[in-house]
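I have placed the structure first, in the form of structure tokens, so that the comments after it can refer back to it.
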Amino acid sequence: MNYLYGILSQYLTPLTSPFFLLGLILSVDIAFRKLNKLTHKVLLPLIFGCGFFLFYIVAGKNAETAKWLGRLNNPLFAVLAVIVVPAIFLPRGKYYKFFLILPLLAIILAVADIISQILASPEKGFHWFLIRPGYLIAAVAGIIVIAQNFLKLDKFRNFTRATVLVVLLFGGFAFRQNYTDYKSMIERRQNTTPDIMNISETTPVMRFDNRLVYIPSAPCRFASDGGYVQGCIMELTQRIHQINFDKVFAGDPSEVSLLAIALAALLSVTVLAYIGARWWCGWICPLSTIGELFNFLRKLIGFSYLKPTKTARITAVTSGVSLGLFSINLAYLYTKIDKEGKFMGCKIPIYPFCKICPGQMVCPVASMADSSYFVLPGMEWLFGFFKVGVVALTGFFVIGFMTSRRIFCRFCPMGMFGGVFNRGAMLAIKKDPRKCNGCGICNEVCPMDINSIQKEMVKTDVSCFDCVYCARCIDNCPQDKCLSLEFAGKRIIESDFTKKMNNG
Amino acid sequence: MDKQFQDLYKLNQQFSENPGNLKKQRFIEDEQIRFQTDLPYRPSNMTYFENIMYNRDFSSGAKPRVGYFCNMIPQELIYAFGAQPVRLDCGNAAGALIGEEVLCGDICPLAKSSFGAFLNKNSIANSCDILILPTSCDAKRKMGEILNDIKPVFMLNLPPEQNHERFARQTYLEFLRLAEFLRKNLKLKLSGRNLRKYLKLGQQRSLLVREIQKIRTINPRALSMCDFFLIIQSSMFRPVDLEDWIEQTKIACDEIKRFKPPRKSLRTKLVLTGAPIIWPNYKVLNLFEECGADILADTLCTGAQSCFDPVISGEWTNGSILRALANRYVYASACPCFISQNTRINRILELVDETGAEGVVNYSLRLCQLFDIENYRIDQVLKSKKIPYINIRTDYSLEDREQLRVRIEAFLEIF
């Protein structure tokens, strides 16, 4: 397995670049929109792919460029480019099942990797699943792509969410890279010093710890043993602001490399956001998945949801923006603190927004399974702004999801970052206004309570800032072919009431 | 619940003593029955729908009967209370004459005719226990007040504008009030299970209507529009077991799916829009049938459009379903009583595209100002799109049949 991984990582490096994914999707987009012949449609992405490989090899000769390109590399992009993008764009005909061999292969490789790592481990016993990140992501994507063929949209969304939730929350301890990585995690667990700064893995630390990329929704670092990914966009923003720019300008190499890593991460997360926009909120975000469980509880009890008033909606958005900006400013002030950790007499914690973010309260509780840390690390900071903030926001999270579905997501600054890319980027919700009967079911089933899709009677692009692309409106629309979800010019889902009813 | 009407100046119920008129009503119905029986290519189980529609025994059944007007009243809700909804809009030309005895002469024949049924001792209208009317037009609004003397009446307040964002909650509260009225007057409880059951039955009905419409666009001769209207209206205008109805319609649907036309049809394909056409007033449909044109689709609140939009609820709680009912019955309505007529024009253009129809017919009921006024814009829009268009302005009376025939034949000469 080591040999295979070596070969794969050697020859597939260009695939792990975000630019390859971006270029691939853009070329496919152009091929679908502009070209008519099938051969041309296939040829254009192929030409791009070859060109990119050539470029990558040439650029790799230069040490500085290679270093920058290397910082951006991530298996997530390779998986998206090889497994997910073809699954979206390939025509669903007779021959589609031959493509499914690829995700199946990814799953088999992942299982083989787990088995080989168990056999290779020097100590007998249960070490969870030791698996390399590349294999794990490929396997998860493979499972999701295969499951898509059997599940209806609603079930498929829940399945995706649950699968990703397991990886993001429990991945911190359940899917370590190898035996030494696992041992170091166990070692860190013994460190139970109450000072939050020392809990290196539960708290985001100011160093790059070989984790995967940031993703635009809220994959919380406060899940047990640090979760599986580096963190959310708010964590990254605060990280950049916490870098001491005086030192950077003085040429301190460690600080400069911190900045370089953070900027590379920002670039790759922007690519992900450009591709997925707020889709990450609707399908991936573990915070909203936990929130949906509260929502499910409400449905079980049989309460009808409350529709948030316009005032509540605007308050959520504005307070999200202002709290986010305020916390980023606090993060900047962290670089100005004195020896007692105080600025102008106030104690300022590292990652201030995380101290009030409900994710930091909810995710550790949800992933408590094997975590030996103090459940709620934010509690040490219970004073002033943070004390009120953490209680108010966690209350808002629970009550918001319990009563009126996703009102919390209007507040969420992590989601707002994705929302910037909702219009004009790759994903779009399209509407044929002439087919609309105005029934407003799109508003009724929308967890974000968006009215504009129902109201829009002229334009065809109805995607808006709040939309999380859960596609419930498309699934429930009673007019055939009225609403549709487009990804880079390709129609993925289309409202089809007749088909939905006939399939039971 | 707050009362909508005060019984301060209550009048007693009176019946019209005009046996000749009743005879005339029966004659008009018999004429239509005879016309429809002579149609070619009818599904074999048409008698089931005919038996429902032609039944003249109006004695109340086991279930309490709730009469309602217009397509904005949620049938599913009434079913869920264990009651039988019956739509009371009437299309009998002779009924309009006795309706005039109480209502003034210058209101639409639909209102007069529907009211005439209440003046008739043996009618389905009088067998109802309670009545529900929407405030869709002036005639309905005032008729509700008069009918309140006879039976308990609920007036469903509609928003003047189909602005979902602004009025959705108001409509929902109005529907809650309707549920409260039904509970008080029927002395029955709303059953959540029944509500879900009838929601699903309603969806199946829409699905069937859609399917038949789809078959008819390919093969219009498989089922004549008169029979299609009869099938749809038998599920609303008479007490019917919805499950049976769905089963029979499925059989009929299968049959017309297998229909093979003996030769190529050269009949003109048209889309019908405008005021409601209610059995036995199929005057216009009959004329088009006779003149050699097929109406493929309609936007009529008594035709395929009435069942075309299904009720879809995101969740299965009663509140959510009530909201879904409000959405479908008020916001998906193409009635001209709402401010904007965009929905209807969109629908007409969409149907023309979908069915490949060659022209559009607007049936505008004399004295219904709402449809009359909307007519102008539809005329202009269709003209700009180069779609042939005819406006047939008539009332229930059968006297102008031959004049209309001349007009329709002249219109069909275009194609």
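Read-outs throughout are calculated quantities, based only on the coordinates presented, and are distinct from any laboratory measurement. Predicted model only: the values in this text are computed from it and were never measured. Using ideal geometry, Cβ is built from the backbone for each residue, glycine included, and neighbour counts are taken over all protein chains shown.
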Item to check | chain A, relative contact order in percent, only Cα pairs under 8 angstrom and at least six apart counted | outcome: 13 percent
Item to check | Rounded to whole Å, sorted largest first: equivalent-ellipsoid semi-axes of the range A:1-150, Cα gyration tensor | outcome: 30, 23, 11
Checklist outcome for this item: Summing +1 per Lys or Arg and -1 per Asp or Glu among the other residues with Cβ less than 15 Å from A:A59's Cβ gives +2
Next on the checklist: Please report the antiparallel percentage of DSSP beta bridges with both residues in the protein assembly as shown, rounded to the nearest 5.
Outcome noted: 30 percent
Item to check | Amide proton proximity set for B:G274, modelled H, under 5 Å, gap of 5+ | outcome: B:T299, B:Y363
Checklist outcome for this item: If R0 = 30 Å, then A:Y5 and A:S254, at their Cβ-Cβ distance, give a FRET efficiency to the nearest 0.05 of 0.50
Checklist entry - Among A:F126, A:F487, which comes first, second and so on when ranked by fewest other beta-carbon atoms within 10 Å? => result A:F126, A:F487
Item to check | Label-zone membership for the range A:134-163, site A:L100, 7 angstrom Cα→C-beta point, backbone N under 18 Å | outcome: A:139-157, A:159-160
Item to check | Whole-angstrom gap from the range B:69-84 to the range B:318-388, using each part's C-alpha centre | outcome: 23 Å
Next on the checklist: Out of the chymotrypsin sites (Phe, Trp or Tyr not before Pro) in the range B:15-122, which ones are loop residues according to DSSP with at most 15 other C-beta atoms within 10 Å?
Outcome noted: B:F15, B:Y41
Item to check | Cα-based Rg of the range A:427-502 normalised by 2.2 N^0.38 Å, two decimals | outcome: 0.97
Item to check | trypsin sites (Lys or Arg not before Pro) within the range B:356-394, DSSP loop, no more than 12 other Cβ atoms inside 10 Å | outcome: B:K385, B:K386
Checklist outcome for this item: Scoring only Lys, Arg, Asp and Glu (+1, +1, -1, -1) among other residues with Cβ under 13 Å from the Cβ of B:F5 yields +1
Checklist entry - Among the aspartates and glutamates, which have Cα under 19 Å from the Cα of A:K342 when same-chain residues fewer than 8 positions away are ignored? => result A:D195, A:D246, A:E380
Next on the checklist: How far apart, in nanometres, would the label points at A:F150 and B:D57 be if each is projected 7 angstrom from Cα along the Cα-to-Cβ direction?
Outcome noted: 5.5 nm
Checklist entry - GluC sites (Glu not before Pro) within the range B:6-83: which are DSSP loop residues with at most 10 other Cβ atoms inside 10 Å? => result B:E17
Checklist entry - Counting Lys and Arg as +1 and Asp and Glu as -1, what is the net charge of the other residues whose Cβ lies under 12 Å from the Cβ of A:P286? => result +1
Next on the checklist: Check which residues have an amide H placed less than 5 Å from A:C412's amide H, if you skip close sequence neighbours.
Outcome noted: none
Checklist entry - In deg cm²/dmol and to the nearest 500, what is the mean residue ellipticity at 222 nm of chain A if only DSSP H runs of at least 4 residues count, each as -39500 (n - 2.57), divided by the residue total? => result -18000 deg cm²/dmol
Item to check | Expected 222 nm ellipticity per residue - DSSP helices of 4 or more, -39500 (n - 2.57), all of chain B, to 500 | outcome: -15500 deg cm²/dmol
Next on the checklist: How large is the translational diffusion coefficient of the protein assembly as shown in µm² per second when you combine the Kirkwood radius over alpha carbon pairs with Stokes-Einstein at 20 °C and 1.002 mPa s?
Outcome noted: 68 µm²/s
Item to check | For chain B: rounded, prolate or oblate by the Cα gyration tensor [a/c cutoff 1.5] | outcome: rounded
Next on the checklist: Could you compute the longest span of chain A free of GluC sites (Glu not before Pro) located in DSSP loops and having at most 14 other Cβ atoms within 10 Å, not counting the site residues?
Outcome noted: A:124-339
Next on the checklist: Quick query: amide H of B:V360 versus all other amide H atoms, modeled in the peptide plane; which residues come in under 5 Å with a sequence gap of 5 or more or a different chain?
Outcome noted: B:V271, B:Y389, B:I390
Item to check | Cβ-based exposure ranking for B:D38, A:D154, in which fewest neighbours within 10 Å come first | outcome: B:D38, A:D154
